[in-house]
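The values are calculated or read from the model by the stated rules, or taken from the named source; none is laboratory data. Since we're looking at a predicted model, the values are computed, not measured. A quick note on method: Cβ atoms are made from the backbone with ideal geometry, for glycine too, and the neighbour counts reach across all protein chains shown.
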């Protein structure tokens, strides 16, 4: 595409209007994406602070930093904030919002005002959860198991539950917007087979959001009603079955893992072809495996309940189905590996994060195979083995993907280049810190250390100390990008339209893009990842300097 | 415009069918069908729902395949929720060991 | 001293060896594949770095490869599944001759009740080389009985019995944790499993101050509460005769059939109208809120004893035919 | 709102022959048909989320009904069979009127849109009124779950579960009815203002879809809650 946008004064979505009102009432998907970016970054560091306190407490076997009540609130709030306010919105609401319309050549999402509404819903949900934190916190864990949450906990369960309920609708509306946008707003020539894989994964994510989240909403609403009106739906004293809550809760909360990981897979499918300068290996397999994950993801929820008192035959069914969902993930990893083969590889920061994603996600996925195996799950369920496993998926996977996306698209979003050296340092720090934090936890789990323990037998201490040491390195790793990305906003070089010479419609327009994204509706005549038609990637030093 | 306009006569006919089915299911409910009463009642309700969806909600006339795909997806996912939950409840106690 | 990092929990039950064998198998397979993938990636990254390999070769993909790397993992997964499931079913089915121990969990302690009437808090004494079956219930929230060295875990639910069993293989003191988050003192809901030599265990049983077997406690309750006036041991009672009922299928008045297990007996005491036996009227009053879980367990044990003529089997010695050295058979 | 002038030319090229009201076409669509199809799909996808929302409650119902059929039958005898049946008929009639209103919007008969929607609105209120009377009767009879619950039956505990589910399910349904009534009122106002035409009437259609969906939920609730037992007291 010819770059005809080099006009004297560039009007971008950032500089059209500087008033606060123009931000808070914007319907521009790009501005809404930035609103999301700011809010979820805040939530991330709130959740991170809780994590830090948890790790500090676990330095010693005794409960010497905080009381047990406080500790229970810490891990509950860590889970609730990180999952519902950071991970679920993270990539979809920020990068999906920003790039779904741009990648399909549209001017905006299908329902811009609903898009703004969903940000406000997240803010209302977030405020309710923050309110529950400052007024005493919640101590039910993020899982809200009944009858503890409905009958025995005397903390702010109602406020936090309501917050999750409202934030859930934010997630539903975002998913709805993406689905309709991808169906109805594609530019001429942008057929399904030409869509970047990020869009396939966003579509799959939206399917999960739309079909799963309402079930969580009703589960939380029923907890709320049972707690307030003492009606018996889950409470066995009143004739209910506590396992029914677990069924409804995990019907959403297992697929929710895919809300977190599928977008990251999409990001990796963008980054790896770009930095290997070639088309992704097995486009159709990678695209369809996203859909397969979204569908199979709904068939496996009771593997969280193997020891919860479900019937043995039910456990058998869910164990078998759990292996079905592992398969599409494996296919993706193999295809990414094959993409690197005979590429021309540039180890830039986004690529480092993407490779980090593959490494950590593979380990997370492999340990998932242990957990789907009934005999082993009985032993390691509710231990640190599970904690390590899902952090490998959600932090090692989802957050690494988020960082890859942030570094890959930062030049497009802000028009600025960040210092590459610092990017690499941060990526390596995060990778090392992460592994030091969570590898020992696998061993702890197999040794039998249960999760959510505030004090623990002394034989577990050495591994816990290692984990805490890793967590502090990880914390530093997460603070670094905050510093140099802000720095780049002021001092970074101008990025130019396409600093990586990447494929994709979003790179054909200016950086930062104009409010209406494209001067003319693009007509797509090429396949995705047409790297053989694009010039080589500019050298690090020359990016932005020539103002490409 | 690709929109299909359904005649009012069809709406009235569908309404008539719905009212008759409502009367039917209410009448049948006075008869003791034993284990069959629930399937019959749900069956009649499903027919009514189908009529509403196909005609009142224009599903029959929509040219957009994707609306169909989503409507069917909704039913499919409901089936997942019901059936896989029931795999637990129905098979409890099969091993004759409490809690298995 | 500091560097003595524990890596492996000790194997204290018959099942632990099987679980560990499966774990080692999974670890080697998945670890091997993971290392292989990593090695390949690193090799590619090095070999095809852009300074040495400036122009990428465009490769579309390969259907045979996709099929290959879908089918092979699927086959391996099925091995993981089958092996894991066989262990799970072995864990789910306690041997017939198992020693019965009843467990009542509450915030935040474990209460153990032995058939012979002993009660303990947070300590479970069991004899070595004898399967022990735990029938568990919670008084409040969901707990989870977790004995890492035995490799067993089972949630303890309010309102319904759950079961687990293990057979210890070496005497010693082992961890007992509550694995399901249950409130403020969750981390302190820990205890100890003491595995003893049979003679030692016998001595321990004698030393306790038991007030008679748990079934006899149940029998006393059965009389005190007046159950006996309707549930007579003939066909004239207004309630069913409970002799020989336990463990058998029961026809209900709505045509369904249920097996009279622990949960059915418990439910029939608390919600007598829920599943009424065919031919009887729903006239029994509820005992909800009247009986504690301990008393319910006693009644269940008593009803159970009515179906086992030689109930008074002594717990004093090993079962007549001790299981083979490898423990109970796992895979059927 | 972003400047529309910059790409007005794109829009002009695709607009159909029918006069397009200025407020109708949003800036990011090429033409009205794309916009209408987008809105319809959006509404359907939203309704699927609603299906799953109620699906959670239906799953709970299924589990307990299968487990405690007797308790559910006995509890159901305390349901107002007549009120439930009348309410079913009321909702079906209201759905017919909404369908007629959409038809009127398609053919551009402004007064008929208003007329039919007012009828639907009134029937919606009748439904809610009957529901309120039923709730009141349950309160008087002590069949509202909670501290004041009293029930003479073989298994009162699980009959209480039935009533808990009854109130939750019909309560959420009534909430949806309330929202529907509000939406219809808004549409009546705009229709009266002459906002809708054969070219642009998507809001009428979408509110119609929503109304029919709420009707569908009731069509299932009616047999599940009112028709379990063949012995009806009312």
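Here are some notes:
- Looking across the stretch C:3-21 at every residue that is facing chain A (nearest Cβ under 7 Å) and not in a helix (DSSP H, G or I), the one that is surrounded by the fewest Cβ atoms within 10 Å (Cβ to Cβ) is identified as C:7.
- Any hit, the stretch C:275-292, residues being in contact with a helix residue (DSSP H, G or I) (Cβ under 6 Å, 6 or more places away or on another chain), surrounded by 20 or more Cβ atoms within 10 Å (Cβ to Cβ) and either modelled with pLDDT of 85 or more or under 19 Å from residue D:157 (Cβ atoms) (or both): no
- Counted as qualifying within the stretch A:1-120 are the helices (runs of 4 or more DSSP H) with 1 or more residues that are under 30 Å from residue A:144 (Cβ atoms), namely A:29-57, A:68-80, A:97-104.
Residue-by-condition table, conditions (1) surrounded by 24 or more Cβ atoms within 10 Å (Cβ to Cβ); (2) within 14 Å of chain C (Cβ to nearest Cβ); (3) closer than 27 Å to residue A:406 by Cβ; (4) over 32 Å from the mean Cα position of the chain (by Cα):
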residue	(1), (2), (3), (4)
A:227	no, yes, no, no
A:245	yes, yes, no, no
A:248	yes, no, no, no
A:261	yes, no, yes, no
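- Counted residues, the stretch D:66-108 - those being farther than 24 Å from residue D:188 by Cβ and assigned to a helix (DSSP H, G or I): 17
- Some residue of the stretch C:1-14 being under 19 Å from residue C:163 (Cβ atoms) and assigned by TED's automatic domain parsing to the domain that holds residue C:178: yes
- Filtered by the rule that a residue be more than 7 Å from chain D (Cβ to nearest Cβ) and either under 19 Å from the mean Cα position of the chain (by Cα) or closer than 19 Å to residue D:87 by Cα (or both), the stretch B:13-33 gives B:14, B:16, B:17, B:20, B:21, B:23, B:24, B:27, B:28.
- Highlighted here are the strands (runs of 3 or more DSSP E) found entirely within the stretch C:22-136 that include at least 3 residues which are more than 30 Å from residue A:279 (Cβ to Cβ) and either within 15 Å of the chain's Cα centre (by Cα) or outside the structural domain of residue C:161 (by TED's automatic domain parsing) (or both): C:99-106.
- Residue that is crowded, with 21+ Cβ neighbours inside 10 Å and farther than 30 Å from residue A:521 by Cα, where the choices are A:81, A:134: A:81
- Test: residue in the stretch A:340-359 that is at the interface with another protein chain (Cβ under 7 Å from one of its Cβ atoms), under 30 Å from residue C:14 (Cα atoms) and assigned to a helix (DSSP H, G or I): no
- Just one of the listed residues (C:112, C:146, C:102, C:77) is in contact (Cβ under 8 Å) with a residue 60 or more places away in the chain and within 28 Å of residue C:13 (Cα to Cα), and it is C:102.
- Condition check for residue D:136: more than 22 Å from residue B:18 (Cβ to Cβ), away from chain C (no Cβ under 14 Å), out of contact with any helix residue (DSSP H, G or I) (no Cβ under 8 Å at 6 or more places or on another chain) and not in a helix (DSSP H, G or I): no
- Among the conditions (1) farther than 30 Å from residue A:500 by Cβ; (2) within 7 Å of another protein chain (Cβ to nearest Cβ); (3) in a helix (DSSP H, G or I), residue A:254 misses just one, which is (2).
- Complete set of residues in the stretch A:165-196 that are assigned to a loop (DSSP other than H, G, I, E, B) and on the phi < 0 side of the Ramachandran plot: A:185, A:186, A:187, A:188, A:190, A:191, A:195, A:196
Residues checked against (1) over 15 Å from the mean Cα position of the chain (by Cα); (2) at the interface with another protein chain (Cβ under 8 Å from one of its Cβ atoms); (3) in contact (Cβ under 8 Å) with a residue 60 or more places away in the chain:
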site	(1), (2), (3)
D:158	yes, yes, yes
D:171	no, no, no
D:175	no, no, no
D:179	no, no, no
D:184	no, no, yes
D:196	yes, no, yes
D:199	yes, yes, yes
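- Among all positions in the stretch A:140-148, there is at least one residue which is assigned to a helix (DSSP H, G or I) and more than 20 Å from the chain's Cα centre (by Cα).
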